[in-house]
Amino acid sequence: MLKITRRLLALIFWLGITFLFLDISGVGKEWFGWMAKMQFLPNVMQLDIVMIVLLLLLTLFLGRIYCSIICPAGVLQDFFAWIAGWKIFRRNKKAKFHNRYRYSKPKTWLRLAVLLIFIIMIVAGFNAVFIILAPYSAYGRMVTALLQPLYIDANNMLAAWSEANDNYMFSVVEPNTLPSILAWVAAISALVLFILSIYGGRTYCNTICPVGTFLGYVAKFSWLKMKVNEDNCIKCGLCERNCKAACIKVEKGKPVVIDYTRCVVCGDCQQVCSKSALHLAPTSSNVSVAPATTKTTDKSSDMSRRNFLTLTAGLLYTAAIHGQDKTTDGGLAVIEGKKIPERLTPLTPPGSLSARNMQQHCTACQLCIAKCPNNVLRPSQSLNSFLQPEMQYDKGYCRPECTTCSEVCPAGAIRPITVEEKTAVQIGHAVFVKENCVVFTDGVSCGNCAYHCPSGAIQMVPDSEGYTLNSENGRWYDADGNMVDTRNVPMIPSVNTEKCIGCGACEYLCPSRPFSAIYVEGHEVHREI
């Protein structure tokens, strides 16, 4: 019963979080956003004391149930281990999938060393190392980079089919243009996790994962533990050979030893025990279990997975590079895209307060990037903000009425803000580059940037030195005081940096190619206007 209940809850959390990353309709954050808010490391990053205490109390009561139910990376390891047990991957097709694992001594020095380095990196603000190891963030990258492009392609295929049949239930969605480094990091992480899972079960959880190490030592003092009734136990070793955490040691003539710092309370050992000798019970209680009436016979199996690993690697590689080189019209014509300008200061989303705050709190889980409806957020490739979101305006701009990223961020790197608050936050300011403007390169009049500026921070003015604007009548005059007819003078944008909020509408809608004639330079610390 323990295993069935645990699997059901784990499946709900896993599918919920996965759908949260994949969803393109916007309903996912309403239904499953609370699951992201329960992840341990993001709560630590934003110092959410209430949720941290609740997760610690849950661990002190039930053990490492967080790792086996709430953490999506933990559930993914169980899924990988289950796939490796399929009959088609076994040499002996008739053998039951038992006897895969063995007890291993805890690698305490390695676990504590990784945890210590992890803590030092967090305190020092050097996040490039710890975000690679963070379990929730690693899973988020896998879903965003490997699965979401396939999910969007499937949606677009349905949209094309439904439109051809006069049905508009689905709408075409343009996929995010993600850097290849994110896809490679996600693919390598998934492959490593898969290999560790099929050969060692919970090796990642109990050796590498800093969250697992910390909660493991808390779980050592949990009230409920998996206990062994030595009167019923016949020392058959089935529990040891089916423990994915490799934490059960069975020796003839000695009591069964369970390492509770590594036990994730999965219930596998209890299910395979033919004598019902294992039971989840309070630490201080004596386990008393009725004798079993059934017996399970198991055979060892030595499986070859070389072909499956090759197939998986190929699928991961295909998913990683899929959808990276699309044209804006679906592939019918080659349209010159915009190149991203080199900004002196990166742009971080409204609500992130500053680039420094983003670096210190963001776990690079990619949830804000996956949920951004405007395709504005991209993973950074800079070492000091590796894979954390930064804003680019070649595919869209940050609409003033959108607060999605602040609503879904589980780590507090992007604080929740209202629409009213967002329109008063200045994340950067527009900068005009005269030599790129079509007014001079093509000899045409424009004004897109001023027309579409939502904050009214841009106005068109004559491009001529020595002219002044009379604020009373709105007329332009030359140095001699003569009024000038501006119809014969090229008009260029003038940016009021006090009113500009850095939304990027001007940069995105500028017709100049390959670089926009106006772009947004970020502010190290956001301002209020």
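The values are calculated or read from the model by the stated rules, or taken from the named source; none is laboratory data. Keep in mind that what you see is a predicted model, and the values were worked out from it rather than measured. Neighbour counts are summed over all protein chains in view; Cβ atoms, including those assigned to glycine, are modelled from backbone coordinates with ideal geometry. Just the protein is used for accessible areas: all its heavy atoms, side chains included, with ligands, DNA and RNA removed. Shrake-Rupley method; radii C 1.70, N 1.55, O 1.52, S 1.80 Å.
The share of alpha-carbon pairs in region 352-416 lying farther apart than 19 Å comes to 22%.
Leaving out same-chain residues fewer than 8 places away, which aspartates and glutamates sit with a Cα under 12 Å from that of LYS37? Within the straight-line cut-off, LYS37 pairs with ASP48, GLU407.
Amide H contacts of GLY428 (H built 1.01 Å from N, in plane; Pro and chain starts excluded): GLY502, HIS523 sit under 5 Å, all sequence-distant by 5 or more or on other chains. The alpha carbons of region 106-209 stretch over 63, 34, 20 Å along the principal axes, in descending order. Across the cross-link table entries LYS107/LYS371; LYS107/LYS235; LYS3/LYS275, which are compared at the Cα atoms, the separations over 28 Å belong to LYS107/LYS371.
The orientation-averaged shadow of the Cα convex hull for region 388-434, equal to a quarter of the hull surface, comes to 4.3 nm². Surface composition of region 1-80: carbon plus sulfur atoms contribute 81% of the solvent-accessible area (1.4 Å probe, protein chains only, all chains present).
Per-atom-type breakdown for region 355-528 gives carbon and sulfur 47% of the accessible area (1.4 Å probe, protein chains only).
The peptide list 5-11, 505-511, put in order of mean Cβ contacts within 10 Å with the highest first, becomes 505-511, 5-11. Taken about its Cα centre, region 355-528 carries a charge dipole of about 680 debye when Lys and Arg each add +1 at the Cβ and Asp and Glu each add -1 at the Cβ. State log₁₀ I(q)/I(0) for region 355-528 at q = 0.14, 0.15 Å⁻¹ as given by the Debye formula over alpha-carbon point scatterers of equal weight, solvent excluded. Debye curve over Cα of region 355-528, log10 I(q)/I(0) at q = 0.14, 0.15 Å⁻¹: -0.80, -0.88.
Most tightly packed first, judged by the mean number of other beta-carbon atoms within 10 Å of their residues, the peptides 409-419, 161-171 read 409-419, 161-171. Here's the picture: charge each Lys and Arg Cβ at +1 and each Asp and Glu Cβ at -1 in region 355-528, and of ALA517, GLY481, SER471 the one pushed furthest to the positive end of that dipole is ALA517. With contacts taken as Cα pairs under 8 Å at a separation of at least 6 residues, region 355-528 carries a relative contact order of 26 percent.
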